[in-house]
Amino acid sequence: MQLARFPRARFAHLPTPLEPMPRLSEVLGVELWVKRDDCTGLAGGGNKTRKLEFLLGEALEGGADTLVTQGAIQSNHVRQTAAAAARFGMGCSVILEARTGSTAEDYLGSGNVLLDRLLGATIRTVPAGSDMNAALEEDAESVRKRGGKPYIIPGGGSNTVGALGYVDCAWELRAQADQMDLTIDRLVTATGSAGTHAGLVAGFALAGADIPILGIGVRAPKDVQEANVHKLALATAEMLGHGERVSREMTVADCDYVGAGYGLVDDAVIDALKLAARTEGLLLDPVYSGKAMKGLIALAKQGRFKGERVVFLHTGGAQGLFGYHSILEPALL
Ligand SMILES: *Cc1c(COP(=O)(O)O)cnc(C)c1O
């Protein structure tokens with residue numbers, strides 16, 4: 001059950017802090033804490049950094065010289081992958097999908113995209129709905145043709161290797177809570193490409209920690225999201241030798257807060273961004289953590305967490321705020 005047998009490159013700032021959110025707790029009438037995975041340290045940090053430690057471990061062990069990955073235009077995963085590549089002197093080839101349909105100048109050029117360029121990634125953009133796996137293969141093939149050795153990282157770094165980063169996070173959080181003599185009743189996180197949620201499910205299951213996890217969906221409907229997360233949690237636990245500890249009921253997603261679609265911001269998301277910023281000085285992002293907070297706020301107001309101590313996993317993404325400047329600014333006047 002040890003992670004030590006998997007190759008790992010060390011660059012994340014760990015453990016990330018676990019902090020109380022007293023002012024937000026008071027507003028929402030629930031005891032809320034935050035696990036600061038926005039502070040993982042790699043070029044602005046975020047949840048992809050933990051996954052990348054294991055993915056880079058495997059890439060470096062295999063002698064790869066170029067990372068190939070994909071994401072939406074304002075992908076935080078792509079930014080962190082570009083930074084990891086730079087740190088290890090590797091090339092980074094990325095495909096950005098125009099998934100939201102936005103043609104705003106800030107969305108296409110600022111925020112994470114500006115940082116991808118600064119970090120030296122080679123970028124190509126494809127239309128929404130493109131076959132992203134085929135695109136990854138094409139880019140890997142052109143790296144090979146140049147005599148290089150590509151390492152393909154799936155969208156969000158969400159495979160069993162990447163999910164190990166969140167098995168580790170689950171164990172880290174549990175140790176931290178023990179040390180602080182804190183009982184955690186529930187963990188709430190954004191759930192997208194599934195690696196974060198799946199790693200946490202597998203990690204708690206393997207540790208025998210009975211902490212329910214609520215994933216707030218940002219893209220897919222509930223049945224699809226839960227099936228994706230469960231499948232990856234199971235595969236990850238199997239890789240660690242204990243598939244039998246992961247059951248289907250451990251994976252719970254609430255996908256009622258996606259709004260108009262992935263990466264599309266509504267008033268409730270903006271309210272969530274403002275509330276976190278103005279009560280706790282916390283910067284959430286418009287696509288993931290802000291949408292998860294939108295869900296958490298609504299559920300707290302419905303009394304869903306009554307009497308519980310809830311930990312919100314801050315998965316990062318504030319760099320993406322600048323890609324939404326033209327949408328956010330009028331709402332802040
Ligand atoms: C990618 C991302 C998520 C979702 O994590 P998955 O592992 O893809 O489900 C949440 N928050 C932020 C800020 C992200 O960049």
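Assign one of three labels to region 1-128, namely rounded, prolate or oblate, based on the Cα gyration tensor with a ≥ b ≥ c the square roots of its eigenvalues; rounded applies when a/c is under 1.5, prolate when it is not and a/b is larger than b/c, and oblate otherwise.
Values: a/c = 2.46, a/b = 1.17, b/c = 2.11.
It is oblate, given that a/c is not under 1.5 and a/b is not larger than b/c.
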Q: Please name which of 110, 184, 91 has its Cα lying farthest along the dipole of the chain towards the positive end, using unit charges on Cβ (Lys, Arg +1; Asp, Glu -1) and the Cα centre as origin.
A: 91
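Please give the per residue accessible area of the chain, computed with a probe of 1.4 Å over protein heavy atoms only, in Å². Provide the component values of the computation, followed by the final result.
Working: 13310 Å² over 333 residues.
Accessible surface, normalised per residue, equals 40 Å².
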Q: State the number of lysine pairs found in the chain whose Cα atoms come within less than 22 Å, restricting to pairs 8 or more positions apart or on distinct chains.
A: 23
Q: Counting only C-alpha contacts under 8 Å and six or more residues apart, can you give the relative contact order of the chain as a whole percent?
A: 22
**Q.** Cα-centre dipole for region 246-333 with unit charges at Cβ (Lys and Arg positive, Asp and Glu negative), debye to 20
**A.** 260
Q. Size of the chain along its principal axes in angstrom, Cα-based, largest extent first?
A. 59, 51, 34
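Over region 1-81, what percent of the accessible surface lies on carbon and sulfur atoms, probe 1.4 Å?
Answer for region 1-81 is 50 percent, counting heavy atoms of protein chains only.
Based on the alpha carbons, how large is the Rg to Rh ratio for region 246-298 when Rh follows Kirkwood? Present the calculation step by step, with values, prior to reporting the outcome.
Details: Rg = 12.4 Å, Rh = 11.7 Å.
In region 246-298, Rg relative to Rh is 1.06.
Starting from region 22-103, pick out the trypsin sites (Lys or Arg not before Pro) whose DSSP state is loop and whose Cβ has at most 10 other Cβ atoms within 10 Å.
Values: sites: 23, 35, 36, 48, 50, 51, 79, 87, 99; in loops: 99.
Nothing satisfies the criteria.
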Q: With the full set of protein chains in place, find how many percent of the accessible area of region 201-333 is carbon and sulfur; take the probe as 1.4 Å.
A: 56
Q | Portion, in percent, of the accessible area of region 82-170 that falls on carbon or sulfur, probe 1.4 Å | A | 52
Q. Simple spin-label model, 7 Å along Cα-to-Cβ: residue 142 to residue 302 in nm?
A. 4.6
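Placing +1 at every Lys and Arg Cβ and -1 at every Asp and Glu Cβ, with all other atoms neutral, what dipole size does region 289-333 have around its Cα centre, in debye to the nearest 20? Write down the numbers at each step before the final one.
Working: 6 positive and 2 negative charges, 61 e Å.
Taking the Cα centre of region 289-333 as origin, the dipole is about 300 debye.
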**Q.** R0 of 35 Å, Cβ-Cβ distance residue 248-residue 271: FRET efficiency to nearest 0.05
**A.** 0.55
Q. If the label point is 7 Å along Cα→Cβ of residue 128, which residues in region 247-265 have backbone nitrogen under 14 Å from it?
A. 259-265
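Hydropathy at least -1.0 by Kyte-Doolittle, axial extent at least 27 angstrom from the Cα trace: which helices of the chain, defined as entire DSSP H runs, fit? The partial results should precede the final answer.
Details: long enough: 160-179 (28 Å, 0.00).
Passing helices, by number: 160-179.
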Q. Given the C-alpha centroids of region 222-250 and region 7-86, what is the distance between them in whole angstrom?
A. 21
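State whether region 103-154 is rounded, prolate or oblate according to the following rule on the C-alpha gyration tensor (a ≥ b ≥ c being the square roots of its eigenvalues): a/c under 1.5 gives rounded; otherwise a/b larger than b/c gives prolate, and the remaining case gives oblate. Don't jump to the answer; show the numbers that get you there.
Numbers: a/c = 2.87, a/b = 1.54, b/c = 1.86.
Here region 103-154 falls in the oblate category.
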Q | Prolate/oblate/rounded label for region 128-241 (Cα gyration tensor, a/c 1.5) | A | prolate
Q | Inter-label distance for residue 178 and residue 227, nm, one decimal - labels placed 7 Å from Cα along Cα-to-Cβ | A | 3.7
Q. Using a simple charge model, +1 on the beta-carbon of Lys and Arg, -1 on the beta-carbon of Asp and Glu, nothing else, what dipole does region 33-181 show about its Cα centre, in debye to the nearest 20?
A. 260
Q) Nearest-5 percent of antiparallel DSSP beta bridges in the chain? A) 10
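The values are calculated or read from the model by the stated rules, or taken from the named source; none is laboratory data. The shown structure was predicted, so the numbers you read here are calculated from the model rather than taken from an experiment. Every residue, glycine among them, receives a Cβ derived from its backbone with ideal geometry; neighbour counts consider all protein chains shown. Protein only, heavy atoms only, side chains kept; ligands, DNA and RNA dropped before computing areas. Shrake-Rupley method; radii C 1.70, N 1.55, O 1.52, S 1.80 Å.
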